[in-house]
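Novice: The structure's right below; bear with me while I get my questions together.
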Amino acid sequence: MAISSIPGYPCMGPRRELKWALEKYWSGARTAEDLAATARAVRAEGWRTQRDAGIDLIPVNDFSFYDPTLDAAVLVGAVPGRYGSAPEPASLDTYFAMARGRDGEQPAPALEMTKWFDTNYHYLVPELTADQQFRLASDKPFAELAEATAAGIPAKPVLLGPLTFLLLAKQPDGERAPLALLDRLLPVYAAVIQRLADAGAAWIQLDEPALVLDRTPDELAALGRAYALLAEAKGSAKLLVQTAYGHVGEAYPMLAALPVDGIGLDLTRSPENLALLERHGFPADKWLAAGVVDGRNIWGNDLAASLDLLDRVGEYVSTERLMVSASCSLRHVPYDVRREAALDPELAGWLAFAEQKLSEIALLTRAVNDGRGAIAEELAANAATLAGMRDSPRRRDSAVRARTANLTQREQQRESAAPERAAAQAQRIPLPPLPTTTIGSFPQTPQLRAERKRFEQGEIDATAYDAFLREQIREVVRWQEAAGLDVLVHGEPERNDMVQYFGEQLAGFAFTQHGWVQSYGSRMVRPPIIYGDVSRPAPMTVAWAVFAQSLSDRPVKGMLTGPVTILNWSFVRDDQPRAETCRQIALAIRDEVTDLDMAGIAVIQIDEPALREGLPLRHAEQDAYLEWATACFRIAASAARDETQIHTHMCYSEFGEVIDAIAALDADVISIENARSNNELLRVFRREGYDKGIGPGVYDIHSPRVPSEDELLERLHATLEALQPGQVWVNPDCGLKTRRWEEVRPALTNMVAAARRARTELAAKS
Ligand code: GLN
Ligand code: ZN
């Protein structure tokens, strides 16, 4: 009999219970016991939901207070010294200090945070020294297993696999952690596995998503070494090595030869994993967790197609050793479509969130075991839905299609080359050297959130809300002028989210009310759903930009989200290439750039923080992506006249590999996250040479810590060593919406003061 399982489940709670509990705990309004109680309730509800949906083997320890990679670091005792000699198990406050940084008497910056594979989830980068020692330093997996067992849940403890843990980790200087550390790490993993097995775990899942990237023979050998050792510790438990987000390529033969009991493969992303089965066969002694339900996207499963796929898989794997599963953890999708009462019912019928995916997996498992006839009704309904979706006129707009098909050269590049534009811009926008600016958003205060909520719930009307927002903008502009910033922003108070805000005004997008997914820690986003051809019916930001500019003689940036980011942070239709959908969005943003330019906005920022995260994980696929992605940015930006300065912004990524693409954007100025990743970026730009305007972030905005003027000046010194003074801008790493005014005011005041001191130094030198 095939069984049903999933690699992981969301853990914020269907009503974001954990988010609220975390934030209250951080603000001191709740105790650790309160937080623990919420966590227990969220876990219990998730397990119950899975069991009731018919999932046979249920992941546990996929829960996290902040991030599973951080959990793994804490589990193996990898707590950097700056967080203090932690008592064991590491206290909750040490844990949160690693996640969020710590202020006060012993300030300690947070661990670096970066994108998790090619998703919009962010993980904390484990920091390991070259002589790192490991020890079992947490009982979280055991406690959660005990909790599940007590609740009668058939539990499958989930751990981040040791190879992926090491490959994700870095040394304090930013270099990768040496693979040799694996030998020290493995005994701890073996101890964890043994203890889980002793506690009665029938299956233990080790997540090794790193295997879907290009891997060296050394790394694959390390994989073999690791699992040979772990297999000895497993006792009567079965080990499942779970991959996700793509195909395992050259790792397949090694994976298939591991002395483990099961392998989990993503069968939705590309045909390659199935091809690997066909090419190499599948070991008769192993289980296959067949990821046939897409854990990354929200479209309903094509059940008949999945059963065909499972039939093909069945040529290599017996039903006795088949787990019907999702392609990856369901943490990347929201909880439940049924809560979306406001969604158009036709569209809602096309969708499957986590709970619906559980049902799909249970149905498919039933069909595998009892034949398709056992789910005949469901298959018929599913086929009807899919047919309706394919033929729906709401997915096609012929005017949009004509536009993308007939793009001209001029629609894909600026009128003049960068130096000529720079000259025209210098005339129009006089600025001091090392101009100061911010990335766009200012604190989204409790008051601002409350007013938005009142407006959404109809307690205040549009006029009142509009007046409120204008007042917010006025304050933000006034404050920036007084603080001495050079290029101002309006603060983005009207935006709930940088993608949602645009999606809500574009045709072809739909929105959920409760479709939250975790971005990092307690931060959740509600990705839009791109279901149809995209266009911009009317200006989206022009009135706000014009109003903000009317308040100051200094330039106020018009602020847009770029097409690639809108694409990468949405759930995207899967019936046409992503590049085509992106071109449609690019043209919509282009229309907005045109209107901002015509309205006299002299500086327009088009944010592309997600450009890097869309990068395919395999090198062979990267160039094609970067080519269309940068072309889409240029489609949006090239509507601006030469004298209009185009900025872009990027954050939370490794930029080394995409530096050529950054240049290919042809933006006049880029502000880019730098402080949190320890000036690593500067090294890249120094090495590669970059000649346009650039503002490497001078401080990390994901931490409440206020940087001192001296510290910021030091940052600027480091920047000026790598770059030409004439090209350097001074700005934080990212937008300030998650920060409080009490942090933002002193931080920006110090930043402006540091920039002024650096200017004086420059003037003295020349
Ligand atoms: N302009 C946006 C802001 O400041 C950019 C956010 C981002 O890069 N994630 O909030
Ligand atoms: Zn950013």
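The values are calculated or read from the model by the stated rules, or taken from the named source; none is laboratory data. Treat the numbers as computed from the prediction; the structure is a model and nothing was measured. Don't worry about glycine lacking a Cβ; one is built from the backbone with ideal geometry, like all the others, and counts go over all protein chains shown. Ligands, DNA and RNA are excluded from the accessible area calculation, which covers all protein heavy atoms including side chains. Shrake-Rupley method; radii C 1.70, N 1.55, O 1.52, S 1.80 Å.
Novice: Which members of the range 197-209 meet the condition of being part of a helix (DSSP H, G or I) and buried (at least 24 other Cβ atoms within 10 Å of the Cβ)? Spell out the reasoning first.
Specialist: First, the residues of the range 197-209 that are part of a helix (DSSP H, G or I): 197-198, 209.
PRO209, the sole residue that qualifies.
Novice: Residue by residue through the range 117-136, note down the ones that are in a loop (DSSP other than H, G, I, E, B) and open to solvent by 30 Å² or more (accessible area, probe 1.4 Å). Talk me through it step by step, then tell me what you get.
Specialist: If we filter the range 117-136 for residues that are in a loop (DSSP other than H, G, I, E, B), which is where we start, we get 117-121, 125-126, 128-136.
Result: ASN120, THR129, ALA130, ASP131, GLN133, ARG135, LEU136.
Novice: (1) more than 16 Å from ligand 2 (Cβ to nearest atom); (2) over 30 Å from LEU448 (Cα atoms); (3) of a type in the set (D, E, K, R): which one isn't true of GLU654, the others all being true?
Specialist: Here GLU654 clears every test but (1).
Novice: Among all residue pairs at least 6 apart or on different chains, which show Cβ distances below 9 Å where the first residue, located in the range 552-572, is in contact (Cβ under 8 Å) with a residue 40 or more places away in the chain and the second is more than 16 Å from ligand 2 (Cβ to nearest atom) and of a type in the set (Asp, Glu)?
Specialist: As it stands, the answer is SER552/GLU481; ARG554/GLU481; ARG554/ASP486; PRO555/ASP486; GLY558/GLU592; GLY558/ASP597; LEU560/GLU592; ASN568/ASP118, since those pairs meet every condition given.
Novice: Check whether at least one residue in the range 567-574 is open to solvent by less than 10 Å² (accessible area, probe 1.4 Å) and part of a strand (DSSP E or B), and report yes or no.
Specialist: Checked the range 567-574: at least one residue is open to solvent by less than 10 Å² (accessible area, probe 1.4 Å) and part of a strand (DSSP E or B).
Novice: Can you name the residue in the range 432-454 that is polar (S, T, N, Q) and under 27 Å from ALA464 (Cα atoms) and, of all such residues, is farthest from ligand 2 (Cβ to nearest atom)?
Specialist: The extreme case among them is GLN447.
Novice: Right, here's the next one. Regarding PHE509, is this residue touching a residue at least 40 places away in the same chain (Cβ under 8 Å), open to solvent by 10 Å² or more (accessible area, probe 1.4 Å) and either out of contact with any His (no Cβ under 6 Å at 6 or more places or on another chain) or basic (Lys, Arg) (or both)?
Specialist: Criteria met by PHE509.
Novice: Could I ask something else about it? When only residues in the range 576-599 that are open to solvent by 40 Å² or more (accessible area, probe 1.4 Å) and more than 22 Å from ALA405 (Cα to Cα) count, which is farthest from ligand 2 (Cβ to nearest atom)?
Specialist: Checking each candidate, the answer is MET598.
Novice: Pull up the range 292-318, narrow it to residues that are among the hydroxyl-bearing types (Ser, Thr, Tyr) and more than 31 Å from the chain's Cα centre (by Cα), then point me to the one that is surrounded by the most Cβ atoms within 10 Å (Cβ to Cβ). Lay out the reasoning, then the answer.
Specialist: Taking the range 292-318 as the starting set, the residues that turn out to be among the hydroxyl-bearing types (Ser, Thr, Tyr) are 306, 316, 318.
Now restrict to residues that are more than 31 Å from the chain's Cα centre (by Cα): 316, 318.
Working: TYR316: 15, SER318: 12.
My answer is TYR316.
Novice: Right, another one. Is there a residue being assigned to a helix (DSSP H, G or I) and either open to solvent by less than 10 Å² (accessible area, probe 1.4 Å) or within 16 Å of ligand 2 (Cβ to nearest atom) (or both) anywhere in the range 694-710?
Specialist: no
Novice: Same structure again: Determine, yes or no, whether GLY295 is of a type in the set (Gly, Ala, Ser) and part of a loop (DSSP other than H, G, I, E, B). Step through it out loud before you land on a result.
Specialist: Values: of a type in the set (Gly, Ala, Ser): yes; part of a loop (DSSP other than H, G, I, E, B): yes.
The answer is yes for GLY295.
Novice: Could we say that ALA667 is open to solvent by less than 10 Å² (accessible area, probe 1.4 Å), more than 25 Å from the chain's Cα centre (by Cα) and within 16 Å of ligand 1 (Cβ to nearest atom) here?
Specialist: Values: open to solvent by less than 10 Å² (accessible area, probe 1.4 Å): yes; more than 25 Å from the chain's Cα centre (by Cα): no; within 16 Å of ligand 1 (Cβ to nearest atom): yes.
No.
Novice: Just one of LEU364, LEU343 is open to solvent by less than 60 Å² (accessible area, probe 1.4 Å) and under 26 Å from the mean Cα position of the chain (by Cα); which is it?
Specialist: When all the criteria are applied, what remains is LEU343.
Novice: Residues that are assigned to a strand (DSSP E or B) and either in contact with a His (Cβ under 8 Å, 6 or more places away or on another chain) or modelled with pLDDT under 95 (or both): does the range 317-335 have at least one?
Specialist: No; the residues of the range 317-335 include none that is assigned to a strand (DSSP E or B) and either in contact with a His (Cβ under 8 Å, 6 or more places away or on another chain) or modelled with pLDDT under 95 (or both).
Novice: Another question, if that's okay. Return the total of residues in the range 702-718 being closer than 26 Å to PRO126 by Cβ and touching a residue at least 60 places away in the same chain (Cβ under 8 Å).
Specialist: Adding up the residues that qualify gives 4.
Novice: Restricting to the range 432-442, count the residues that are buried (at least 20 other Cβ atoms within 10 Å of the Cβ) and either closer than 15 Å to ASN496 by Cβ or more than 14 Å from ligand 1 (Cβ to nearest atom) (or both). Please lay out each step first, then the result.
Specialist: Of all residues in the range 432-442, those buried (at least 20 other Cβ atoms within 10 Å of the Cβ) come to 434-442.
After this cut, where a residue has to be either closer than 15 Å to ASN496 by Cβ or more than 14 Å from ligand 1 (Cβ to nearest atom) (or both) as well, the list is 434-436, 440-442.
Adding up the residues that qualify gives 6.
Novice: Among GLU456, GLU415, GLU420, which is more than 16 Å from ligand 1 (Cβ to nearest atom), of a type outside the set (A, V, I, L, M, F, W, C), free of Cβ contacts under 8 Å to residues at least 40 places away in the same chain and surrounded by 12 or more Cβ atoms within 10 Å (Cβ to Cβ)? Full working, then the answer.
Specialist: Working: GLU415 fails: free of Cβ contacts under 8 Å to residues at least 40 places away in the same chain; GLU420 fails: free of Cβ contacts under 8 Å to residues at least 40 places away in the same chain.
Testing whether each residue is more than 16 Å from ligand 1 (Cβ to nearest atom), of a type outside the set (A, V, I, L, M, F, W, C), free of Cβ contacts under 8 Å to residues at least 40 places away in the same chain and surrounded by 12 or more Cβ atoms within 10 Å (Cβ to Cβ) leaves just GLU456.
Novice: Further, regarding this structure: Which members of the range 600-618 meet the condition of being modelled with pLDDT of 95 or more, within 16 Å of ligand 2 (Cβ to nearest atom) and touching a helix residue (DSSP H, G or I) at 6+ places or on another chain (Cβ under 7 Å)?
Specialist: ILE606, ASP607, GLU608
Novice: Additional query: Restricting the search to the range 221-241, which residues are open to solvent by 20 Å² or more (accessible area, probe 1.4 Å) and either closer than 17 Å to ARG618 by Cβ or in contact with an Asp or Glu (Cβ under 6 Å, 6 or more places away or on another chain) (or both)?
Specialist: Hit for the range 221-241 is LYS238, nothing else.
Novice: Moving on. So which pairs qualify, if the first residue must be in the range 638-667 and touching a residue at least 60 places away in the same chain (Cβ under 8 Å) and farther than 21 Å from GLY600 by Cα, the second must be within 16 Å of ligand 1 (Cβ to nearest atom) and among the small types (Gly, Ala, Ser), the Cβ gap must be under 6 Å, and the two must be at least 6 apart or on different chains?
Specialist: Note: pairs meeting the criteria are HIS649/SER671.
Novice: Let me ask you something else. Out of ALA289, ALA244, I need the residue that is open to solvent by less than 20 Å² (accessible area, probe 1.4 Å), touching an Asp or Glu at 6+ places or on another chain (Cβ under 8 Å) and among the small types (Gly, Ala, Ser). Which one?
Specialist: Numbers: ALA289 fails: touching an Asp or Glu at 6+ places or on another chain (Cβ under 8 Å).
Checking each option against the conditions leaves just ALA244.
Novice: Across the range 38-93, which residue is farthest from GLU320 (Cα to Cα) among those that are open to solvent by less than 30 Å² (accessible area, probe 1.4 Å) and of a type in the set (Phe, Trp, Tyr)?
Specialist: If we take residues in the range 38-93 being open to solvent by less than 30 Å² (accessible area, probe 1.4 Å) and of a type in the set (Phe, Trp, Tyr), then TYR83 is farthest from GLU320 (Cα to Cα).
Novice: Let me ask another. Could you run through the range 728-747 and say how many residues are away from ligand 2 (no atom under 16 Å from the Cβ) and open to solvent by less than 10 Å² (accessible area, probe 1.4 Å)?
Specialist: Residues in the range 728-747 being away from ligand 2 (no atom under 16 Å from the Cβ) and open to solvent by less than 10 Å² (accessible area, probe 1.4 Å): 1 in total.
Novice: Which one of ALA763, ALA675 is farther than 25 Å from PRO616 by Cα and under 26 Å from the mean Cα position of the chain (by Cα)?
Specialist: Just a single option satisfies the conditions, and that option is ALA675.
Novice: Determine which member of the set THR719, THR738, THR749, THR760 is within 15 Å of ligand 1 (Cβ to nearest atom) and polar (S, T, N, Q).
Specialist: Going through THR719, THR738, THR749, THR760 in turn, just one is within 15 Å of ligand 1 (Cβ to nearest atom) and polar (S, T, N, Q): THR738.
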